[in-house]
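**Q** Below: one structure in C-alpha cells.
The values are calculated or read from the model by the stated rules, or taken from the named source; none is laboratory data. Since this is a predicted model, take the numbers as computed values, not measurements. All Cβ positions, glycine included, derive from the backbone under ideal geometry; neighbour counts span all protein chains shown. Each accessible area value is taken on the protein alone, full model and side chains, heavy atoms only, with ligands, DNA and RNA left out. Shrake-Rupley method; radii C 1.70, N 1.55, O 1.52, S 1.80 Å.
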Amino acid sequence: MNKIYYLASCDTCRKIIKSLPANHNLVFHDIKQDPITEVELDEMYKLSGSYEALFSKKAQLYKSMDLKNKALTEADFKKYILEHYTFISRPVFIIDGKIYIGNSQQNILQVMKALEEK
C-alpha cells in the first residue's frame with residue numbers, strides 16, 4: 001500500500017499534494033488527526049535505516065526544548081516522534097517499499113518519478 005504521511009495544516013504539504021499526478025493511488029494519513037503508531041514508525045525505520053533520518057530538526061519544539069544541545073540517541077528520536085507529530089520530517093511517502101522523507105526539491109522529484117512509473 002502506497003502512503004503519504006503529512007500534516008493537513010502544513011502549507012508545504014498541501015502544495016506538494018496538489019502537485020501529485022491525478023492517478024497517484026496514495027493513502028493519505030494526516031499525522032495530527034491520526035498520530036503515527038509505533039508499528040508505522042518502525043516500518044519507516046526499517047525503510048530509512050534510522051529514526052534520525054525521520055526526525056525534523058526544523059520543528060519549533062526542537063528549538064524551544066533546546067534539543068540541539070543534547071546528544072540525542074536513536075531511542076530519543078523515536079520517543080520524540082511518537083510523543084509529538086511535529087518531530088517527524090514531512091511529508092513521508094512510502095511507495096512500492098521505498099521511503100521518501102521530507103520536502104526537498106530532489107526528494108519530491110523522486111516521488112513524482114516513482115508515482116509516474118505506476
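**Q** Among the listed residues F77, F55, F28, identify the single one that is among the aromatic types (F, W, Y), without any contact (Cβ under 8 Å) to a residue 40 or more places away in the chain and in contact with a Ser or Thr (Cβ under 7 Å, 6 or more places away or on another chain).
**A** Every option except F55 fails the conditions.
**Q** Quick test for you: out of Y85, Y80, pick the one residue that is among the aromatic types (F, W, Y), open to solvent by 40 Å² or more (accessible area, probe 1.4 Å) and more than 19 Å from M1 (Cβ to Cβ).
**A** It is Y85.
**Q** Does at least one position in the range 102-115 carry a residue that is out of contact with any Leu (no Cβ under 7 Å at 6 or more places or on another chain), buried (at least 18 other Cβ atoms within 10 Å of the Cβ) and either at positive phi or among the basic types (K, R) (or both)?
**A** Yes; the residues of the range 102-115 include at least one that is out of contact with any Leu (no Cβ under 7 Å at 6 or more places or on another chain), buried (at least 18 other Cβ atoms within 10 Å of the Cβ) and either at positive phi or among the basic types (K, R) (or both).
**Q** Between a first residue in the range 6-19 that is under 23 Å from L41 (Cα atoms) and open to solvent by 20 Å² or more (accessible area, probe 1.4 Å) and a second residue that is at pLDDT 95 or above and in a helix (DSSP H, G or I), which pairs have beta carbons less than 6 Å apart while being 6 or more apart in sequence or on different chains?
**A** Final answer for the pair search is Y6/C13.
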